[in-house]
Structure formats: C-alpha cells, structure tokens
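To start, the structure itself, in structure tokens.
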Amino acid sequence: MRADRVRSERVLTFELVSQYFYMPITQAARELNVGLTVLKKKCRELGIPRWPHRKLKNLQTLINDVEVLQEAGKANDGEQLRAMVEMLEQERRLLEQRPYVELEEKTKRLRQACFKASYKKRRLLVLEPGEASKYY
C-alpha cells in the first residue's frame, strides 16, 4: 500500500532548486533524487511556472556572442558592447532570482539580431560564391 511506504524526501527550497536551473529539468530531478512530477509541482508551489534552463542557456550564449564580437573588435564602439554584456549579465542574475520574469524587449531584439546574423553567415558558407550575391 502507498500509505505504508515511507519516503525519504528531501525538502525542496527555492535556494536548493535554483542551483539546478542551468541543467534540463529531467537531469535536475535525477540529481535531486525526486521524480519529475514532484519537482514540477514543487516548482509551481515555489512560484516557478516554467523551468528556466533554456532561457538561462540562451542568455549565456548571447553574452558569449557579444563578448566574441567585443574581442574581435568588429564593432566600433567597445564601450557600448561592454554595457550590453553588463545588461545581459544583470538580466541573467535577475532570472536566477526570479525565473518567472520575462526577458526585456531590448534583449529579445538583440537575440533575434544575433540569430539572424549567424543564420546569414551559415547560409553564405553553404551557398557557392556566385549564388550568394543573388540572395543578399
């Protein structure tokens, strides 16, 4: 019977769960030694409607992309890039504390611009030199 079974359940607090935000929820559940459904229910109780792994991973990738741009010196204004990196890191820290917060509109536009630039770069590598001029 289920009522007879004794479970050694670890108390899940926000501080404990937030340490695992950088991994997928299934892996976090495995690491915490709880079931996926139990973790999801506890997250909802703690005010975490969605697991923030992908959002945080995306922000970290965006920070890395901007830092690469900064190091490459492709942008004329290095100060502006440093400010952007600081803004993204601040947003990442905010997401770690409050995972229910939406990304700022500025961050969404930057993410879209970086994705578009990398897509065009990949596309140009695939196309032959003569074909690329037709499309861009």
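The values are calculated or read from the model by the stated rules, or taken from the named source; none is laboratory data. Every value quoted in this text rests on a predicted model; they were computed, and no experiment measured them. Cβ coordinates were reconstructed from backbone atoms using ideal geometry, including for glycine residues, and neighbour counts include every protein chain displayed. Note: accessible area is taken over every heavy atom of the protein model, side chains too, but ligands, DNA and RNA are not part of it. Shrake-Rupley method; radii C 1.70, N 1.55, O 1.52, S 1.80 Å.
If the condition is being out of contact with any Phe, Trp or Tyr (no Cβ under 9 Å at 6 or more places or on another chain) and of a type in the set (A, V, I, L, M, F, W, C), then the stretch 91-120 contributes LEU94, VAL101, LEU103, LEU110, ALA113, CYS114, PHE115, ALA117.
Flag: ALA72 matches the condition of being modelled with pLDDT under 90 and out of contact with any helix residue (DSSP H, G or I) (no Cβ under 7 Å at 6 or more places or on another chain).
Conditions (1) modelled with pLDDT under 85; (2) in the same structural domain as VAL68 (by the TED database); (3) part of a helix (DSSP H, G or I); (4) β-branched (Val, Ile, Thr), marked per residue:
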position: VAL101; (1), (2), (3), (4): no, yes, no, yes
position: LYS106; (1), (2), (3), (4): no, yes, yes, no
position: LYS116; (1), (2), (3), (4): no, no, yes, no
position: TYR119; (1), (2), (3), (4): no, no, yes, no
position: ARG123; (1), (2), (3), (4): no, no, yes, no
position: ALA132; (1), (2), (3), (4): yes, no, yes, no
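Within the stretch 74-91, does at least one residue satisfy the condition of being open to solvent by 80 Å² or more (accessible area, probe 1.4 Å), under 25 Å from TYR20 (Cβ atoms) and in contact with a Gly (Cβ under 9 Å, 6 or more places away or on another chain)?
Looking only at the stretch 74-91, we keep the residues that are open to solvent by 80 Å² or more (accessible area, probe 1.4 Å), and these are 74, 76, 79-80, 82, 86, 90.
This time we only want the ones that are under 25 Å from TYR20 (Cβ atoms), so: 90.
Those still in the list that are in contact with a Gly (Cβ under 9 Å, 6 or more places away or on another chain) too: none.
No, the conditions are met nowhere in the stretch 74-91.
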